[in-house]
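S.K.: Before we start, here is the structure in question, set down as structure tokens.
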Amino acid sequence: MPLETTSVHHRALVWFRRDLRCDDHAALAAALRDAAQVWCVFVFDREILDALAERRDRRVEFIHDSVVELDAALRAAGGRLIVLHGQARSELPRLASQLEVDAVYANHDYEPAALSRDAAVAATLERDGRQWCSFKDQVIFEKDELLTGAGRPYTVFTPYRNAWRKRLLDSDTAERAVRPRGRLAPPTAGTAQRPIPTLEQMGFARTNLRELKIPPGMSGATRVFDDFRERIGRYHQARDYPALRGPSYLSVHLRFGTISIRRLARFALEVESADPMAADGARTWLSELVWRDFYFQILHHHPHVVGRAFRPEYDLIRWESGALADERFAAWCEGRTGYPLIDAAMAQINQTGYMHNRLRMVVASFLVKDLGIDWRRGEAYFAARLTDFDLAANNGGWQWAASSGCDAQPWFRIFNPVTQSRKFDPQGKFIRRYLPRLAELGDKEIHAPWQDPARGAQGGRRDPGYPPPIVDHDTARKATLVRYSAIKGA
Ligand SMILES: Cc1cc2nc3c(=O)[nH]c(=O)nc-3n(C[C@H](O)[C@H](O)[C@H](O)COP(=O)(O)OP(=O)(O)OC[C@H]3O[C@@H](n4cnc5c(N)ncnc54)[C@H](O)[C@@H]3O)c2cc1C
């Protein structure tokens, strides 16, 4: 194909990673603008997949199904998705060389491991005389785009959100329109023509993702989004009650980019300005999307948060260790702490790969401030279990709960798991859904079954298999205040 006069490159390759869609996609839009022929690739990266602990992983299945849909959409537009299974660091430059592209286009990633991979790929491409072109796509503002008046990164959320809103222009949320214009190229020869590997070929098996009705891909994202559009006006009132359909459930789609953050932010802004009845809900939801940007920029500016406290003095805390701590950690993971809300929340993450935001805060606090266990152990457990696991948000959430983060929960503020239960699951509906063994308990007793004087230790309707609380909250609270106050003078 002759080089068009408007084209910067003859041939380009778009590398999809956590942006599994072909609409409103910064890198794809730019490649189609810049190059006469554009190939598309996704690599099931063995550097990531081989390190996964389990061969049934909802994320791998979600990605796989989303990739199949993306391929179909690209075919409908005249192209195809080349899907490889190997080490992205070597597969990508090899494919670029095989296709003889002038440039590789991709969207920015902010995680340290991804940055190291991208730097290695870019260096190899450059050595081979090819360009690495990368774009902001998964956030509205990134890196140094929002700084304080003193030119420093924000570490407190509210002024960050105020600056985010003040700086926002229509162009920040405008669609990065994908116009194929006949430029999407079909595969040529060799690797590029191989069919998409099946999950089984990559050593994985299906999970309960389909039973859970978590729809993958762009079509799944649109379904979930459409459902939420009807509810956004009630978001601020409903979002804290795990038994209600309050939040959007879009986190997995944002994680894998099956929907564009710009589309979501645009929608929230439109509702906020056009519908007074729904404005409060839309504003609150938009604020959650800003939290997402906030934690990405924290990770960018403070990569030490991976593995260490944002505030270094918190690394001096002496966490519980040894056999008792291990047993308590196992009880937390397996949902047998004897605190129904904690156990129901852990059942939710274990059975579905999702946990409601209020419960993420409560179980994280319980692990750190009731059991005295290092937040990093909880962070790692969430990282392994959450389908929407995102390093920046997960680390931010854990450090918030542990009080070691930027703009975190004050160290002396300790959630009472029973009070939280009474407040946010007043009728015990969520508890009953995930702990059916407690279903027959009354609305009052379900939050703290051991406190029911009518039943005695093991009697009444209580499930004799349900454990007593592994720690007494008041005693644990006092121990935590001592634990944390010890570092305050350090
Ligand atoms: C300990 C802990 C761990 C967490 N781990 C993750 C994680 O691994 N991945 C993840 O996406 N979120 C994480 N969160 C944030 C939040 O709990 C989830 O984003 C939310 O529950 C996802 O459900 P939703 O899509 O229905 O949220 P909605 O309430 O509908 O919010 C919309 C979107 O805003 C973003 N968002 C909401 N709250 C936050 C937040 N506090 N920080 C950053 N982004 C936010 C998410 O992208 C979310 O999908 C964590 C929070 C805590 C306290």
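What follows draws every value from the coordinates through simple rules; no lab data is involved. None of the values given here were measured: they were computed from a predicted structure. Every residue, glycine among them, receives a Cβ derived from its backbone with ideal geometry; neighbour counts consider all protein chains shown.
S.K.: May I ask you to derive the relative contact order of the chain, considering only C-alpha pairs under 8 Å and at least 6 residues apart, and to give it as an integer percent?
M.R.: On the way: 781 pairs, mean separation 75.5, N = 490.
Reported as a whole number, the value is 15 percent.
S.K.: Can you sort 361, 202, 346, 218 by how many other beta carbons sit within 10 Å, fewest first?
M.R.: On the way: 361 19, 202 15, 346 27, 218 22.
Neighbour counts put them in this order, fewest first: 202, 361, 218, 346.
S.K.: Dividing the Cα radius of gyration by the Kirkwood radius, what Rg/Rh value follows for the chain? It would help to have the intermediate numbers written out before the result.
M.R.: Numbers: Rg = 24.3 Å, Rh = 24.4 Å.
Ratio of gyration radius to Kirkwood radius: 1.00.
S.K.: Okay, next question. Could you give the radius of gyration (one decimal) and Dmax (whole number) of the Cα atoms in segment 258-340, in Å?
M.R.: 20.2, 58
S.K.: Say R0 is 45 Å: what FRET efficiency, to the nearest 0.05, do residue 227 and residue 313 get from their beta-carbon distance? Walk me through the numbers before you get to the answer.
M.R.: Values: r = 44 Å, r/R0 = 0.98.
After rounding, the FRET efficiency stands at 0.55.
S.K.: What residues have an amide H closer than 5 Å to that of residue 131, excluding those fewer than 5 places away on the same chain, when H is modeled at 1.01 Å from N in the peptide plane?
M.R.: 103, 104
S.K.: I need the phi-derived Karplus couplings for segment 132-142: 6.51 cos²θ - 1.76 cosθ + 1.60, θ = phi - 60°, integer Hz, Gly and Pro marked x.
M.R.: 10, 10, 10, 9, 6, 8, 8, 9, 7, 10, 9
S.K.: Compute the distance in nm between two label points, each set 7 Å from the Cα along the Cα-to-Cβ direction, one at residue 330 and one at residue 205.
M.R.: 2.3
S.K.: To continue, here is another question. Using 7 Å Cα-to-Cβ label points, what is the residue 148/residue 380 separation (nm, one decimal)?
M.R.: 3.4
S.K.: About the Cα centre, and with charges only on the beta carbon of Lys, Arg (+1) and Asp, Glu (-1), how big is the dipole of segment 6-137? Nearest 20 debye, please. Each step should come with its number before you reach the end.
M.R.: Details: 18 positive and 22 negative charges, 32 e Å.
Charge dipole of segment 6-137: 160 debye, to the nearest 20.
S.K.: Just to verify a number: FRET efficiency for residue 429 and residue 100, C-beta to C-beta distance, R0 = 41 Å, to 0.05? Please list the in-between numbers first.
M.R.: Numbers: r = 60 Å, r/R0 = 1.46.
Once the sixth-power term is evaluated, E becomes 0.10.
S.K.: Can you give me the P(r) profile for segment 312-488? Cα pairs, bins 5 angstrom wide beginning at 0, each as a whole percent.
M.R.: 1, 8, 18, 21, 20, 15, 9, 4, 2, 0
S.K.: Given Cβ point charges of +1 (Lys, Arg) and -1 (Asp, Glu) and nothing else, what value in debye, to the nearest 20, does the dipole of segment 312-488 about its Cα centre take? Present the calculation step by step, with values, prior to reporting the outcome.
M.R.: Working: 24 positive and 21 negative charges, 86 e Å.
Here the size comes out at about 420 debye.
S.K.: So if the hydrodynamic radius of segment 328-382 is defined as the Kirkwood radius over C-alpha pairs, what does Stokes-Einstein give as its diffusion coefficient at 10 °C and 1.306 mPa s, in µm² per second?
M.R.: Working: Rh = 10.8 Å.
Here the translational diffusion coefficient equals 147 µm²/s.
S.K.: Through the Karplus equation 6.51 cos²θ - 1.76 cosθ + 1.60, θ set to phi - 60°, convert the phi angles of segment 374-387 into ³J(HN,Hα) values in whole Hz; use x for Gly and Pro.
M.R.: 3, 4, 5, 5, x, 4, 5, 5, 4, 4, 7, 9, 6, 5
S.K.: Report relative contact order for segment 1-83 in percent, whole number only (criteria: Cα-Cα under 8 Å, sequence separation at least 6).
M.R.: Details: 89 pairs, mean separation 27.2, N = 83.
Relative contact order comes out at 33 percent.
S.K.: Percentage of Cα-Cα pair distances in segment 1-70 greater than 20 Å, rounded to whole percent? Can you show the working numbers first?
M.R.: On the way: 1046 of 2415 pairs.
Everything past 20 Å amounts to 43 percent.
S.K.: Report the rotationally averaged projected area of segment 127-197 based on its alpha-carbon convex hull, in square nanometres.
M.R.: Details: hull surface 38.5 nm².
With the hull built on Cα positions only, its mean projection is 9.6 nm².
S.K.: Something else about it: Per residue of segment 342-358, what does 6.51 cos²θ - 1.76 cosθ + 1.60 with θ = phi - 60° give for ³J(HN,Hα)? Whole Hz please, x for Gly and Pro, Karplus curve as stated.
M.R.: 5, 5, 5, 5, 5, 5, 4, 5, 5, 7, 10, x, 10, 9, 4, 4, 4
S.K.: Moving to a separate point now. Pairs to check: 143/166; 136/488; 213/429; 369/429; 136/213. Give those whose C-alpha atoms are more than 29 Å from each other in this structure.
M.R.: Long pairs (Cα-Cα over 29 Å): 136/488; 136/213.
S.K.: Additional query: Could you tell me which of rounded, prolate or oblate describes segment 6-137, using a ≥ b ≥ c as the square roots of the eigenvalues of the alpha-carbon gyration tensor, with rounded for a/c under 1.5 and, failing that, prolate when a/b is larger than b/c and oblate otherwise?
M.R.: Details: a/c = 1.79, a/b = 1.26, b/c = 1.42.
In terms of gyration-tensor shape, oblate.
S.K.: Separate question: Non-local amide H neighbours of residue 83 (under 5 Å, H modeled in plane, Pro and chain starts lacking H): which ones?
M.R.: 42
S.K.: Can you tell which of 51, 27, 83 lies farthest toward the positive end of the dipole of segment 6-137, using +1 and -1 charges on the Cβ of basic and acidic side chains (Lys, Arg; Asp, Glu)?
M.R.: 83
S.K.: Is there a quick way to get the dipole size of the chain? I mean about its Cα centre, with the Cβ of Lys and Arg at +1 and of Asp and Glu at -1; what is the value in debye to the nearest 20? Don't skip to the end; give the middle numbers.
M.R.: Values: 70 positive and 62 negative charges, 136 e Å.
In total the dipole reaches around 660 debye.
S.K.: How large is the Kirkwood hydrodynamic radius of segment 59-199, counting all unique pairs of alpha carbons, in Å? Mind dumping the intermediate values first?
M.R.: Values: mean 1/r = 0.0554 Å⁻¹.
Taking the inverse mean of 1/r over all distinct Cα pairs, segment 59-199 comes out at 18.1 Å.
S.K.: Just grab the label-to-label distance for residue 120 and residue 174, each label 7 Å out from Cα along the Cβ direction, in nm (one decimal).
M.R.: 3.8
S.K.: Here is a follow-up. Can you grab the distance from the C-alpha centre of segment 379-400 to the C-alpha centre of segment 163-230, Å, no decimals?
M.R.: After rounding, the separation between the Cα centres reads 22 Å.
S.K.: Follow-up. Once the Cα atoms of segment 156-291 are picked out, what are the Rg and Dmax in Å?
M.R.: 19.0, 57
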